[in-house]
Each structure stands twice: as C-alpha cells, then as structure tokens.
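**Student:** Here it is, the structure in full.
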Amino acid sequence: MDALMEMETWEKKTALKAQETPDGAEQAEVIRMQNINKSYQMGAQSLHVLKDISLTVKRGEYLAILGPSGSGKSTLMNIIGCMDVMDEGSYQLDGVEIGHAKEKELVRIRNQKIGFVFQKYHLIPTYNVLQNIVMPLLMRGMGLREAERASMDTIELLGLKERIRHKPNELSGGQQQRVAIARALVGQPTILLADEPTGALDGNSGKEVLKLFQNLNDMGNTIVMITHDLNVAKHAGRVVQIVDGEISA
Ligand SMILES: Nc1ncnc2c1ncn2[C@@H]1O[C@H](COP(=O)(O)OP(=O)(O)OP(=O)(O)O)[C@@H](O)[C@H]1O
Ligand SMILES: [Mg+2]
C-alpha cells in the first residue's frame, strides 16, 4: 500500500473522531498575534525585521505565509514555534500568552503544541527512522515501548512501516521528509509548522508532500506553511504575504 492509500484508510478510521468535535471548537483561534515587532542587534546597528505583525489562525486552517528571501519568514516562524521571542507585541498560542513565558516553559509549549517540518529535514543522522519519530514523545517523558506503540499509526499513515530500521542517509529526500512529518505529527501538536517543506525536494516528491499536507488538513490538522514559492503557497486554504517584515492579506 502506498502512503496516500494508507492515509485514506486512516482517514476513514479517524472520520468518526472528527465528527465528535463540539460545535464551534474547530473555529477557535490557535494563533493570535498582535503588533509583533522583532529586531536583530548587529553591533551598533539594529535591524528591524518584523514590523507590527498581526495575524490570527483558526483551528483547522491551512495557512501559507508567502514572501521573498530576507522578508522575515523564518524569524516569524521561530516566534510562532516558540523558538524565539518577540521584542514587542502579544502572541497567544492556543489561548496562552507566550510573551512572558520563561525558557523552560517555552520548551514545554514547543514540545506539546508545535510540530516542526524544515526544508532540510533535520533528522538525527545516527538514529534510525523509528528512533527519530519517537523523539518528541520521549522528550515528554514517555517510555520507549509506549512511544513506539503510540507512533505506529503515524508511521503507517506516512508509509514508513517498511523503513523503520533505516538510517536517514539510506532514504530518499522525499522519504526523509515523510519521517520528519511523522516526527512532527506523532505528539498530535496543535499546529504543524513547516518552513519551505518542499524546498529541497524534486518536483514529484514535493507534490507528494503537498498532497500529504492537504490530506492532513482535511483530517483536521492546523497547518502553517512558510514559503517563497507562489505555486507552493497556492495549495494552502489561505495565503498571507510578508514583504520587508510587514504582512499584507
Ligand atoms: N540571527 C540573526 N541575526 C541578525 N540578523 C538576522 C538573524 N536572522 C535573520 N536575520 C536577518 O533578518 C532578515 C530576515 O531573515 P529571515 O531569515 O527571517 O528571512 P526569510 O524570509 O526566512 O529568508 P529566506 O527565504 O532566505 O529563508 C534578513 O535580513 C536576515 O539577514
Ligand atoms: Mg527562511
């Protein structure tokens, strides 16, 4: 069975769960950013990279943030993903204000609420597929056997069952990205946050990842995807543009 067929099977299994979501719950805002500003200090100079960014994302949305190189996309992604903090403004993630959170709290929020997908996969090269995928669950303190069991649905969903003992360098780029997506999803994060997820892939593998994102969104996953490529952004349900650190609809 290929990955997409497996996904369709899984989709049917989870359809019931999705219907049980209380009315209106899926419309809740998972991201609410107001007047976010961020500068980088370069010696005596200050580089104003994000300028009064306001952005909301509702549960179940698939948003693309589109912008040219240097426009501030990764800086914004780092803030959305709680890897960095803004200088000014308010950021509520799933109803919790992030601005005042301490580093330890940010680590916990990141692990619980965000599933990251990067352009270059960021897999641990000495770990096999299974060891990479269970990592977010181990970081939550789950035991290894339980984490492996809990990962099986996601591994099947992404068509990786036959590959769990492979190391990343024994996989194609598309397969490595599927491992990264499995790792991002395994902890059932509030948001799947992807920075140029197709940027390192050939055309077909890129299309496969975009189809996967579409299916994951159809299943109810909230996705924020960052890209410089309009043809990639078009796959999202909504596109906002960032130019020179400013957002326009
Ligand atoms: N750690 C940093 N220190 C200083 N300046 C930085 C830092 N990170 C990014 N910048 C600067 O901030 C601006 C925005 O960078 P950012 O990485 O957010 O852009 P981007 O839109 O992701 O670009 P790309 O598409 O090339 O990845 C750039 O001018 C960059 O040089
Ligand atoms: Mg970037």
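The values are calculated or read from the model by the stated rules, or taken from the named source; none is laboratory data. It should be emphasised that the depicted structure is a prediction, and the values quoted were computed from it without experimental measurement. Ideal geometry is used to build each Cβ from the backbone, glycine not excepted, and the neighbour counts take in all protein chains shown.
**Student:** With the condition kept exactly as written, say whether any residue in segment 224-236 is under 17 Å from residue 185 (Cα atoms) and either within 16 Å of ligand 2 (Cβ to nearest atom) or within 16 Å of the chain's Cα centre (by Cα) (or both). Give the steps one after another, and end with the answer.
**Tutor:** Applying the first criterion (under 17 Å from residue 185 (Cα atoms)) to segment 224-236 yields 224-225.
Of the ones still in play, those that are also either within 16 Å of ligand 2 (Cβ to nearest atom) or within 16 Å of the chain's Cα centre (by Cα) (or both) are 224-225.
Checked against the condition, which is being under 17 Å from residue 185 (Cα atoms) and either within 16 Å of ligand 2 (Cβ to nearest atom) or within 16 Å of the chain's Cα centre (by Cα) (or both), segment 224-236 yields at least one hit.
**Student:** Let me ask something else about it. Looking at segment 19-134, what strands (runs of 3 or more DSSP E) fall wholly within it and have at least 3 residues that are surrounded by fewer than 21 Cβ atoms within 10 Å (Cβ to Cβ) and touching a strand residue (DSSP E or B) at 6+ places or on another chain (Cβ under 8 Å)?
**Tutor:** Those strands (runs of 3 or more DSSP E) span 29-42, 45-58, 88-93.
**Student:** Can you tell me which condition residue 109 does not meet? The list is (1) more than 22 Å from residue 227 (Cβ to Cβ); (2) within 16 Å of ligand 1 (Cβ to nearest atom), and all the others hold.
**Tutor:** (2)
**Student:** Give me a count of the residues in segment 211-226 that are in contact with a Ser or Thr (Cβ under 8 Å, 6 or more places away or on another chain) and at pLDDT 95 or above. Break it down into steps so the answer makes sense when it comes.
**Tutor:** Of the residues in segment 211-226, the ones in contact with a Ser or Thr (Cβ under 8 Å, 6 or more places away or on another chain) are 219-220, 222, 226.
Cutting the leftovers down to at pLDDT 95 or above gives us 222, 226.
Final tally of qualifying residues: 2.
**Student:** Just name the residue that is nearest to ligand 1 (Cβ to nearest atom) out of those in segment 191-210 that are small (Gly, Ala, Ser) and at pLDDT below 95.
**Tutor:** First pass over segment 191-210, keeping only residues small (Gly, Ala, Ser): 194, 199-200, 203, 205-206.
Checking the rest, the ones that are also at pLDDT below 95 come to 199-200, 203, 205-206.
Details: 199: 9, 200: 13, 203: 20, 205: 20, 206: 16 Å.
Here the answer is 199.
**Student:** Here's something else I'd like to know. How many of the residues making up segment 72-90 are within 16 Å of residue 105 (Cα to Cα) and away from ligand 2 (no atom under 16 Å from the Cβ)?
**Tutor:** Let us first name the residues in segment 72-90 that are within 16 Å of residue 105 (Cα to Cα), namely 78-86.
Next cut, away from ligand 2 (no atom under 16 Å from the Cβ) only: 82, 85-86.
Residues flagged as within 16 Å of residue 105 (Cα to Cα) and away from ligand 2 (no atom under 16 Å from the Cβ) within segment 72-90 amount to 3.
**Student:** Which residue out of 60, 99 is over 20 Å from residue 188 (Cβ atoms) and either more than 16 Å from ligand 2 (Cβ to nearest atom) or more than 17 Å from the chain's Cα centre (by Cα) (or both)?
**Tutor:** Values: 60 fails: over 20 Å from residue 188 (Cβ atoms).
So the residue among 60, 99 that is over 20 Å from residue 188 (Cβ atoms) and either more than 16 Å from ligand 2 (Cβ to nearest atom) or more than 17 Å from the chain's Cα centre (by Cα) (or both) is 99.
**Student:** When you look at residue 218, is it more than 15 Å from the chain's Cα centre (by Cα) and within 13 Å of ligand 1 (Cβ to nearest atom), yes or no?
**Tutor:** Working: more than 15 Å from the chain's Cα centre (by Cα): yes; within 13 Å of ligand 1 (Cβ to nearest atom): no.
Spelling it out, it is not the case that residue 218 is more than 15 Å from the chain's Cα centre (by Cα) and within 13 Å of ligand 1 (Cβ to nearest atom).
**Student:** Can you pull out the residues in segment 176-207 that are over 30 Å from residue 95 (Cβ atoms), surrounded by fewer than 21 Cβ atoms within 10 Å (Cβ to Cβ) and touching a helix residue (DSSP H, G or I) at 6+ places or on another chain (Cβ under 9 Å)?
**Tutor:** Residues satisfying the conditions are 199, 200, 202, 204, 205, 206.
**Student:** A further question follows. Looking only at segment 180-223, filter to residues that are more than 17 Å from residue 121 (Cα to Cα) and small (Gly, Ala, Ser); which one of those is nearest to ligand 2 (Cβ to nearest atom)?
**Tutor:** Looking at the filtered set, the residue picked out is 187.
**Student:** Restricting attention to segment 45-78, and to residues there that are β-branched (Val, Ile, Thr) and near ligand 1 (Cβ under 10 Å from one of its atoms), which single residue is farthest from residue 28 (Cα to Cα)?
**Tutor:** Going through segment 45-78, the residues β-branched (Val, Ile, Thr) turn out to be 49, 53, 56-57, 65, 75.
Narrowing the set further to residues that are near ligand 1 (Cβ under 10 Å from one of its atoms) leaves 49, 65, 75.
Working: 49: 29, 65: 20, 75: 25 Å.
Restricting to residues being β-branched (Val, Ile, Thr) and near ligand 1 (Cβ under 10 Å from one of its atoms), the top hit is 49.
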